[in-house]
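Data block below; observations after.
Values quoted throughout were computed directly from the atomic coordinates according to the rules given, and no laboratory measurement underlies them. Not measured: the values here are computed from a predicted model. We place every Cβ from the backbone using ideal geometry, glycine too, and count neighbours over all the protein chains shown.
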Amino acid sequence: MNIPLNTWNIKAIPSEEFPRWRHGNVDTAAVASLWRNLSGFKTVLEVGCLMGGDAIAFTRQGFEVTAIDIDAFALTLARKYALEAGAHINFMECNIQNIDFKDNSIDCVHAVNVLSLTYTQGLYQAMGQIHRVMRMGGELAADLLSKDSVDFSRGIMRVDANTVLHKAQYGDHIVPYCFVDESMLPGLFRGFEILGQTKNPVRNVGENVRFTILARKVAAR
């Protein structure tokens, strides 16, 4: 089966929701401060940067930032907003299942609201790519949709044990969403030590639930 890539139609985001996605996640500044001031990290890869809000937040903490997204239009907006903010960011159009980076070249990876937008094989590929580009001792902040989410039990079609096709959050096209349970986390995070893990409702998305994880690269994968 030819499973579609999960991309939003940014032009379909309602005006009242646009600022939330433009300015990024409310927790990013705290993560950036932890990594910069307590851990002394210097480089970060922002995965699924959308309009660049989180990437800009990392530059404000003094990070050297590379930000990737599969959506060319999102990157056009991200570059515009970064220029307006005076933020120097290396933006790249890139699929997280095949990151065009050298091995062991990045201190930290920030992957929020992105990893679940695929199918099972794609999720494992993305985690392998993230592990590959990170330096030993580097840290990853990520989230994953839980199978306790109501959207796991409904949708247009189940395409594998963990993936359901849904209408995109923004736009009319059909896209995959991959859901996980705790039994999958050791395999997904092979080569990492999980430093912190929570399970909470997804903000502004009804009855869906996600795992939020902070992990450190400690071994080969």
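Placing a label point 7 Å from the Cα of Val218 along the Cα-to-Cβ direction, the residues of the range 109-146 with a backbone N closer than 12 Å are 137. Per residue, the chain reaches -6500 deg cm²/dmol at 222 nm when only DSSP H runs of four or more residues are counted, each adding -39500 (n - 2.57). Please list, by residue number, everything in the range 95-114 whose backbone N is under 17 Å from a paramagnetic label point 7 Å out along Cα→Cβ of Met136. Residues passing the 17 Å test: 103-108.
The ranking of Phe73, Phe91 by Cβ neighbour count inside 10 Å, starting from the fewest, reads Phe73, Phe91. When a/c is below 1.5 the answer is rounded, else prolate if a/b is larger than b/c, else oblate, so apply that to the range 1-125 with a ≥ b ≥ c taken from the square roots of the Cα gyration tensor eigenvalues. Oblate, since a/c reaches 1.5 and b/c is not below a/b.
Per-residue extension of 0.36 nm, minus the Cα-Cα distance of Glu17 and Arg154, leaves a gain of 46.9 nm for this segment. For the pair Gln121 and Arg190 in one chain, pulling the backbone fully straight at 0.36 nm per residue adds 23.3 nm over the alpha carbon distance. If you count Lys pairs in the chain whose Cα atoms are under 25 Å apart, skipping same-chain pairs closer than 8 places in sequence, the total is 10.
Placing +1 on the Cβ of every Lys and Arg and -1 on the Cβ of every Asp and Glu, with nothing else charged, gives the range 72-221 a dipole about its Cα centre of roughly 140 debye.
Distance from the C-alpha centroid of the range 93-139 to that of the range 172-211: 15 Å, rounded to the whole angstrom. Straightening the chain between His173 and Asn9 buys 58.2 nm, computed as 0.36 nm per residue apart minus the Cα-Cα spacing.
Under 5 Å from the amide H of Gly138 lie the amide H atoms of Lys217, each residue being 5 or more positions distant or on a separate chain, with H modelled from the backbone and absent for Pro and chain starts.
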